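J.: Could you have a look at this structure, given as C-alpha cells, before my questions?
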Amino acid sequence: MPATASNDAPAADTAVVLVNLGTPDAANTAAVRRYLAEFLHDRRVVDMSRWLWCPLLHFAILPLRSGKVAHKYASVWLPEGSPLAVHTRRLAEALQRELPQLRVIYAMRYGQPSWRATLQRLREQGIKRVLALPLYPQYSTTTTASVGDVLDAAQGLDKRLVHDYHADPDWVAAVAESIRRHRAAHGPGEHLLFSFHGLPQRLAAAGDPYPRQCEASARAIAQALGLAEDAWTLSYQSRFGREPWLEPATADTLTALAARGVRQVDVVAPGFAVDCLETLEEVAMMLAEDFAARGGKLRYVPCLNESPAHAQALAGIVRRELAGWLPADP
C-alpha cells in the first residue's frame with residue numbers, strides 16, 4: 001500500500017503526515033497476528049514487565065485472539081481493503097486538495113505504511129520539515145504519545161506534532177453537522193450517545209488527559225447541536241483485559257437506556273477520525289444487535305471519514321500549526 005496520498009503530490013520541502021493507529025494487511029489470521037504483535041508490543045499500549053507480558057502475548061493472547069479478530073475484520077472488510085486504511089488514504093487525498101502547496105501523505109503507527117519507515121523515506125526524498133497530525137482528536141499517552149515517540153527518534157528533520165484537536169471549533173462543527181444530517185435523513189433519535197474508546201482507569205488517575213478531553217469534545221458537540229443535558233450521554237467502549245477501565249461502558253449504558261424505555265438511540269464515535277473495526281463491527285453491528293434484542297434500535301452515525309468538512313477542519317489545524325514555522329504561509 002503506497003504511503004503517498006497521490007502520485008502527483010507537489011514536491012515541497014514540507015510534509016504533513018496523517019498518522020492513524022493501523023490495521024492488518026488482510027482479514028486473515030496470519031495478518032491479524034502480525035498486526036496485533038506489533039501493536040501489543042508497544043510499551044505505551046501495554047506497560048507490563050516484558051518478562052511477564054511477552055510469554056502471555058505470544059503463547060496465549062495471539063494464538064487465542066488472532067483468528068477471532070480476523071473474523072471480525074472480515075465482516076467489515078471493503079473491496080479496497082481495511083476500512084481504516086481506505087478512509088485514511090482518502091482523507092489524506094482530500095487534505096492534499098485543501099493544501100496543494102504542501103505534500104500530504106499518511107502513515108500507520110502499526111502496520112503499513114509504517115510511520116517509522118515513512119519518516120526515513122521523507123528524509124531521503126529531501127523533505128526538511130514534517131508536521132505529524134495523529135488522527136486522534138483527544139490526546140492520550142497510549143496513542144498520540146506513541147506517535148510522538150517515533151517522531152522524536154527521527155533524525156535529520158525539523159519536526160512538529162499536533163497533540164490534539166478535541167475542541168477545535170471547525171472539527172466540532174463538522175461532527176455536529178454530520179449528526180444533524182443523519183437525523184434529518186433518518187428522523188430524530190430519542191437519545192444521543194457519544195461512545196469513545198476506553199482507557200484503563202489507572203492511566204487517567206496518573207494524569208492522562210484523555211477522559212477530560214473526551215468530556216470536553218462531547219459537551220462542545222452537544223452544545224453545537226443545542227441538546228439538553230438529559231438528551232445525551234458519554235460512554236467508553238472497546239475494553240481489553242481485566243483491570244478497571246473508564247466508566248460508564250457503552251454496552252452497560254445501552255442496557256440502562258433500554259431499561260429506561262428508550263427505544264431509539266443514535267450513537268456517534270467522535271474519538272475516531274475514520275470508521276474502523278471498533279465503530280463498524282463493535283458499535284454498528286454487535287452493540288446494535290444487542291440493543292435490538294432489548295427492543296430498541298441503535299442508529300450509528302458514521303465518522304467524518306474523508307468528508308469535505310473533515311478535510312477543511314484538518315486543513316485549518318495544519319495552517320495554524322505551521323504559522324510562524326514555514327518561511328511563508330502555505
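The values are calculated or read from the model by the stated rules, or taken from the named source; none is laboratory data. Being a predicted model, the structure only gives us computed values, none of them experimental. In this analysis, Cβ positions are derived from the backbone assuming ideal geometry, glycine residues included, and neighbour counts consider all displayed protein chains. Just so you know, the surface numbers come from the protein's heavy atoms only, side chains and all, with ligands and any DNA or RNA stripped out. Shrake-Rupley method; radii C 1.70, N 1.55, O 1.52, S 1.80 Å.
J.: Provide the per residue accessible area, probe 1.4 Å, for the stretch 173-330, rounded to a whole number of square angstrom. Can you show the working numbers first?
T.: Numbers: 6890 Å² over 158 residues.
Heavy-atom SASA per residue in the stretch 173-330 reads 44 Å².
J.: For the stretch 98-237, what does the convex hull of the Cα positions come to per residue, in cubic angstrom?
T.: Numbers: hull volume 20.6 nm³, N = 140.
Value for the stretch 98-237: 147 Å³ per residue.
J.: Separate question: For a Förster distance of 51 Å, can you work out the FRET efficiency between the beta-carbons of Ala228 and Glu124, rounded to the nearest 0.05?
T.: Values: r = 55 Å, r/R0 = 1.08.
The calculated FRET efficiency here is 0.40.
J.: Calculate the tail of P(r) for the chain: the fraction of all Cα-Cα distances greater than 26 Å, expressed in %.
T.: On the way: 26245 of 54285 pairs.
Percent of Cα pairs beyond 26 Å in the chain: 48.
J.: Excluding residues on the same chain fewer than 8 positions from Lys297, give the lysines whose Cα lies under 30 Å from its Cα.
T.: Lys68, Lys72
J.: Still on this model: Only bridges whose two residues both fall in the stretch 1-157 count here: according to DSSP, what percent of them are antiparallel, nearest 5?
T.: Values: 2 of 16 bridges.
For the stretch 1-157, the DSSP antiparallel bridge percentage is about 10.
J.: OK, next. In whole Å, how far is the Cα centre of the stretch 238-298 from that of the stretch 176-209?
T.: If you average the Cα positions of each part, the centres end up 10 Å apart.
J.: Still on this structure, I have one more. If you count the DSSP beta bridges with both ends in the chain, what percent of them are antiparallel, to the nearest 5?
T.: Details: 3 of 37 bridges.
Expressed as a percentage, antiparallel bridges in the chain total about 10.
J.: Run lengths n ≥ 4 of DSSP H only: what is the helix-derived mean residue ellipticity at 222 nm for the chain, with -39500 (n - 2.57) per run over all residues, to the nearest 500? Provide the component values of the computation, followed by the final result.
T.: Details: 12 runs with 141 residues, N = 330.
Mean residue ellipticity, 222 nm, calculated: -13000 deg cm²/dmol.
J.: Okay, moving on. Report D for the stretch 18-87 in µm² per second (integer): Stokes-Einstein, Kirkwood Rh on Cα pairs, 37 °C, 0.692 mPa s. List each step's numbers first, then the result.
T.: Numbers: Rh = 12.8 Å.
Answer, rounded: 256 µm²/s.
J.: Straight-line reach only, C-alpha to C-alpha below 20 angstrom: list the aspartates and glutamates that Lys128 could link to, leaving out same-chain residues fewer than 8 apart.
T.: Asp8, Asp13, Asp149, Asp152, Asp158, Glu321, Asp329
J.: Assign one of three labels to the stretch 133-172, namely rounded, prolate or oblate, based on the Cα gyration tensor with a ≥ b ≥ c the square roots of its eigenvalues; rounded applies when a/c is under 1.5, prolate when it is not and a/b is larger than b/c, and oblate otherwise. Let's see the in-between values first.
T.: Values: a/c = 4.17, a/b = 1.82, b/c = 2.29.
Verdict is oblate for the stretch 133-172.
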